[in-house]
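Single-structure report; data block below.
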Amino acid sequence: MTPDPRLSHQAQTTARALLRWYASNARRLPWRGRKDPYAVWVSEIMLQQTRVEAVIPYYRRWMKRFPRMKDLAAASTDEVLQSWEGLGYYRRVLNLLRAAKGLVAQGKDSLPCTARELEQLPGIGCYTAAAISALAFGQDEIAIDGNLQRVLARLIDLRVDPRTPTGERRIRAHAESLLPRGKAAAFNQALMDLGAMVCLPRGPKCGFCPIRSACLSFARGTQDRRPVLKPKAAIPHRIVGAAVLRSRGKVLIARRPEGRLLGGLWEFPGGKRERGESLAACVRRELKEELGITVSVGARLGVFEHAYTHYRVTVHAYECSVRRGRPVARVHSAVRWVRPEQLEEFPMGKVDRAIARNLQSAD
């Protein structure tokens, strides 16, 4: 690596050691080594709050179905949601679709190259903009996510939470002091791989770290206590009643409005149980509010658990039938009666997909 006159001798030594390690130990990932900004963009959106191992099969399928930005822009909401189903955080893919459609409508066939311009697109924040500009365009940007926060907090033995304004400033300043000009793509990915393979959240493998000589936490023996993180608050638990409405061999599903959790996905209607309310009463009230119908609640079909980012949920699904009224989409964007074997054609969240497959296996 050619010496960068902007960096101190110690910073150059650290960067050189890190890049040498990366050259021999880099993870083989399907989006690595691609100069196509669209491919980098897709991978970065998928990787938000999602493990690499979970992303790989989705990424491969996605790139076969939507290999170019114009292919994505021509797709429908249902098509992209089906390709994303099971990956979670569905607002990501809706923003990805919105951004692609907007760029193509402007006559563009690629992304802008600077972080500032990228941040103007739906679903692209500070971190993702920096990552795309560095990895796809070679811009001298540092993309600091949770993994990099951990690595850098240990390097400087940061004694405050790295997510605080003070912590963020100190971490960014140190990262920028190490970044060699023109090497941002390799440097960012090297730090990512170091965090994933060596500088682990618990039990860091310091003996294998290529830059431990520059790590203050290692020198002081504090690596197991860094980063300093405030305890997480208890995750709320919601009890939900859902209705499997049947009529003439079909079941009713409703589409959640975009802009809300699981927006654009189809679900079995229902909602959260209120204090002191029975599950049957919950289902009757929710369907009256959501669809304008009165229902009879029958046997419970199953209990389904799932954890979201900020809460966990237990969904009780019940067999139901309409007593009065005709279902109208009051809070949903659409309602449809479909045969159970058609349910695979409609994108759903994990809980509703589990209910759907339970129905299909029972029929």
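The values are calculated or read from the model by the stated rules, or taken from the named source; none is laboratory data. Remember, it's a predicted structure, so these values are computed and weren't measured experimentally. Here the Cβ is made from the backbone with ideal geometry for all residues, glycine too, and neighbour counts use every protein chain on show.
Residues that are modelled with pLDDT of 95 or more, among the basic types (Lys, Arg) and in the same structural domain as Ala23 (by TED's automatic domain parsing): list the helices (runs of 4 or more DSSP H) wholly contained in the range 149-243 that include at least 3 such residues.
The helices (runs of 4 or more DSSP H) meeting that bar are 165-178.
Residues Gly241, Gly298: which one is touching an Asp or Glu at 6+ places or on another chain (Cβ under 7 Å), buried (at least 19 other Cβ atoms within 10 Å of the Cβ) and within 25 Å of Arg339 (Cβ to Cβ)?
Values: Gly298 fails: buried (at least 19 other Cβ atoms within 10 Å of the Cβ).
It is Gly241.
Checking the structure you have, find out if any residue of the range 58-69 is in contact with a helix residue (DSSP H, G or I) (Cβ under 9 Å, 6 or more places away or on another chain), on the phi > 0 side of the Ramachandran plot and either buried (at least 16 other Cβ atoms within 10 Å of the Cβ) or among the aliphatic types (A, V, I, L, M) (or both). Before the answer, list the steps.
As a first pass, look at the range 58-69 and keep what is in contact with a helix residue (DSSP H, G or I) (Cβ under 9 Å, 6 or more places away or on another chain): 58-59, 61-63, 65-69.
Then drop every residue that is not on the phi > 0 side of the Ramachandran plot, which leaves none.
Checked against the condition, which is being in contact with a helix residue (DSSP H, G or I) (Cβ under 9 Å, 6 or more places away or on another chain), on the phi > 0 side of the Ramachandran plot and either buried (at least 16 other Cβ atoms within 10 Å of the Cβ) or among the aliphatic types (A, V, I, L, M) (or both), the range 58-69 yields no hits at all.
So in the range 70-84, with the set limited to residues that are over 12 Å from the mean Cα position of the chain (by Cα) and in contact (Cβ under 8 Å) with a residue 40 or more places away in the chain, which one is surrounded by the fewest Cβ atoms within 10 Å (Cβ to Cβ)? Spell out how you get there, then give the answer.
Kept after step one, since they are over 12 Å from the mean Cα position of the chain (by Cα), are these residues of the range 70-84: 70-83.
Pick out the ones that are also in contact (Cβ under 8 Å) with a residue 40 or more places away in the chain and you get 77-78, 81-82.
Numbers: Thr77: 17, Asp78: 15, Leu81: 23, Gln82: 17.
Only one residue fits best here, namely Asp78.
Among the residues of the range 83-111, which ones are touching a helix residue (DSSP H, G or I) at 6+ places or on another chain (Cβ under 6 Å) and of a type outside the set (A, V, I, L, M, F, W, C)? It would help to see each step written out before you state the result.
Our first condition is that a residue be touching a helix residue (DSSP H, G or I) at 6+ places or on another chain (Cβ under 6 Å); within the range 83-111, this holds for 83-84, 87, 92-93, 96-97, 100-101, 104, 110-111.
Ser83, Arg92, Lys101, Ser110 - these are the residues of the range 83-111 that are touching a helix residue (DSSP H, G or I) at 6+ places or on another chain (Cβ under 6 Å) and of a type outside the set (A, V, I, L, M, F, W, C).
Limited to the range 271-295, what total is found for residues that are closer than 20 Å to Arg246 by Cβ and not in a helix (DSSP H, G or I)?
5
Could you tell me how many of the residues in the range 283-304 are without any contact (Cβ under 8 Å) to a residue 12 or more places away in the chain and within 29 Å of the chain's Cα centre (by Cα)?
0
Can you find a residue in the range 292-304 that is of a type in the set (S, T, N, Q) and either closer than 30 Å to Thr50 by Cα or at pLDDT below 95 (or both)?
As a first pass, look at the range 292-304 and keep what is of a type in the set (S, T, N, Q): 294, 296.
Checking the rest, the ones that are also either closer than 30 Å to Thr50 by Cα or at pLDDT below 95 (or both) come to none.
For the range 292-304, residues of a type in the set (S, T, N, Q) and either closer than 30 Å to Thr50 by Cα or at pLDDT below 95 (or both): absent.
In this structure, is Arg273 outside the structural domain of Ile142 (by TED's automatic domain parsing), touching a residue at least 24 places away in the same chain (Cβ under 8 Å) and in contact with a Cys (Cβ under 6 Å, 6 or more places away or on another chain)?
Values: outside the structural domain of Ile142 (by TED's automatic domain parsing): yes; touching a residue at least 24 places away in the same chain (Cβ under 8 Å): yes; in contact with a Cys (Cβ under 6 Å, 6 or more places away or on another chain): yes.
In short, yes.
Considering only residues that are β-branched (Val, Ile, Thr) and more than 23 Å from the chain's Cα centre (by Cα), look in the range 123-172 and name the one that is farthest from Glu258 (Cα to Cα). I'd like the intermediate steps shown before the answer.
Here is the first cut: in the range 123-172, the residues β-branched (Val, Ile, Thr) are 124, 128, 132, 142, 144, 151, 156, 160, 164, 166, 171.
Now drop any that are not more than 23 Å from the chain's Cα centre (by Cα), which leaves 156, 160, 166, 171.
Details: Ile156: 43, Val160: 38, Thr166: 36, Ile171: 36 Å.
My answer is Ile156.
Test Trp31 against the criterion of being within 17 Å of the chain's Cα centre (by Cα), within 25 Å of Gln106 (Cα to Cα) and either among the hydrophobic types (A, V, I, L, M, F, W, C) or surrounded by fewer than 17 Cβ atoms within 10 Å (Cβ to Cβ) (or both), and give yes or no. First the steps, then the outcome.
Details: within 17 Å of the chain's Cα centre (by Cα): yes; within 25 Å of Gln106 (Cα to Cα): no; either among the hydrophobic types (A, V, I, L, M, F, W, C) or surrounded by fewer than 17 Cβ atoms within 10 Å (Cβ to Cβ) (or both): yes.
No; evaluated as a whole, the condition is false for this residue.
Are any of the residues in the range 42-51 in contact (Cβ under 8 Å) with a residue 40 or more places away in the chain, touching a Leu at 6+ places or on another chain (Cβ under 6 Å) and either among the β-branched types (Val, Ile, Thr) or over 24 Å from Val198 (Cα atoms) (or both)? Reasoning before the result, please.
Pass one, the range 42-51, residues in contact (Cβ under 8 Å) with a residue 40 or more places away in the chain: 42, 44-46, 48-49.
Within this subset, residues satisfying the condition of being touching a Leu at 6+ places or on another chain (Cβ under 6 Å) are 45.
From what is left, the residues that are either among the β-branched types (Val, Ile, Thr) or over 24 Å from Val198 (Cα atoms) (or both) are 45.
Within the range 42-51 (the criterion being in contact (Cβ under 8 Å) with a residue 40 or more places away in the chain, touching a Leu at 6+ places or on another chain (Cβ under 6 Å) and either among the β-branched types (Val, Ile, Thr) or over 24 Å from Val198 (Cα atoms) (or both)), the answer is yes, since at least one residue qualifies.
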